[in-house]
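To start, the structure itself, in structure tokens.
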Amino acid sequence: MLNELVTFINDKVSGANASLIENEAGDKPILVDASKIKDVCYALRDSSEYQFNVLQVVSGVDYDSEIEVNYMLASFITNSDDVIIKVKLPKTNKDDVPKIDSVCDVWKSANFLEREVYDMNGVEFVGHPDHRRILCPEDWEGFPLRKDYEVQKAWHGFEVNPEHKMNIADHEFFAKARVEAAEPKKITGSWDGKISADLEAALNKKMEEAK
């Protein structure tokens, strides 16, 4: 089917330059010209033969000099195999924000998916109705899934990545493991997140000793 899809895209969308890519994963994405992404998506959605009516995933991958954006499409009408449409966007430096047309007009599901790629990879989706970050705060510095990303030291007075960072669940897990390893018959607790009274007391004692 993929070879037929390549032919279909090139016949329907002038300048798409669709081609099949062989990669190690074996998923064989179809590479198209980034400037034609919306036209390609419309053609695949509106095709009576293929009817790709679902956009499942939009993902970004940073390759230093370029960012790949991948669109995984499916049809719940024809039940055909999923297909991945890929574009490549040049990137000159860590502050560069490549642009590509949004496909929110084609599939409503693109809304949150494109926002995540913008937030994590720094790709601007032109024409997006609500183009803002979705995971990080709006004033966050940089794009976390880029290879040249450097974590900022602080955000609004909070240390972002402290040297000995541990959350409450980490403290509970390791404290429980240490206590039960030392006194397995004396201390018991469930592993479903609930801590027994004995374990909680031992944990508090350990925390006090660590101060």
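Readers should treat all values here as calculations from the given coordinates under stated rules, not as data from a laboratory. As the structure is a prediction and not an experimental result, all values here were calculated from the model. Here the Cβ is made from the backbone with ideal geometry for all residues, glycine too, and neighbour counts use every protein chain on show.
Of 61, 123, the sequence from fewest to most neighbouring Cβ atoms within 10 angstrom is 61, 123.
Pick from 171, 131, 156: which is most flexible by mean-square fluctuation in a GNM of the chain where alpha carbon atoms under 10 Å apart are linked? The residue that fluctuates most here is 171. Tell me the angle of helix 37-46 to the major Cα principal axis of the chain, expressed in degrees between 0 and 90 and rounded to the nearest ten. That helix lies at roughly 80 degrees to the long axis. Would you mind checking the pairs 12/36; 12/91; 12/108; 91/165 and listing those with alpha carbons more than 21 angstrom apart? Over 21 Å apart, Cα to Cα: 12/91; 12/108; 91/165.
Going from the fewest other Cβ atoms within 10 Å to the most, the residues 97, 6 appear in the order 97, 6. A Cβ-based charge dipole, computed about the Cα centre of the chain with Lys and Arg at +1 and Asp and Glu at -1, lands at about 480 debye.
Comparing 126, 103, 32 in a Gaussian network model of the chain, where Cα atoms under 10 Å apart are tied by springs, the biggest mean-square fluctuation is seen for 126. Taking trypsin sites (Lys or Arg not before Pro) across region 1-103, the ones in a DSSP loop with at most 16 further Cβ atoms lying within 10 angstrom of their Cβ are 94. Taken over region 1-155, the percentage of Cα pairs per 5 Å bin, counting from 0 up to the bin with the maximum distance, is 2, 9, 19, 22, 19, 14, 8, 4, 2, 1, 0. Within the same chain, aspartates and glutamates fewer than 8 places from residue 205 are excluded, and of the rest, those with a Cα less than 13 Å from its Cα are 172. Loop-located chymotrypsin sites (Phe, Trp or Tyr not before Pro) in region 33-70 (DSSP state not H, G, I, E or B) with no more than 14 neighbouring Cβ atoms inside 10 Å: 63.
Restricting region 109-169 to GluC sites (Glu not before Pro) that sit in a DSSP loop and have at most 14 other Cβ atoms within 10 Å of their own Cβ leaves 138, 141, 150, 163. Among 115, 146, a tally of other beta-carbon atoms within 10 Å of each Cβ gives an order, fewest to most, of 146, 115. Working from Cα pairs under 8 Å separated by at least six residues, relative contact order for the chain is 12 percent. Relative to the longest principal axis of the Cα atoms of the chain, helix 197-210 runs at roughly 90 degrees.
Bridgeable aspartates and glutamates around residue 99 (alpha carbons under 18 Å apart, same-chain partners fewer than 8 residues away excluded): 33, 39, 62, 64, 66, 68, 114, 116, 119, 124, 130.
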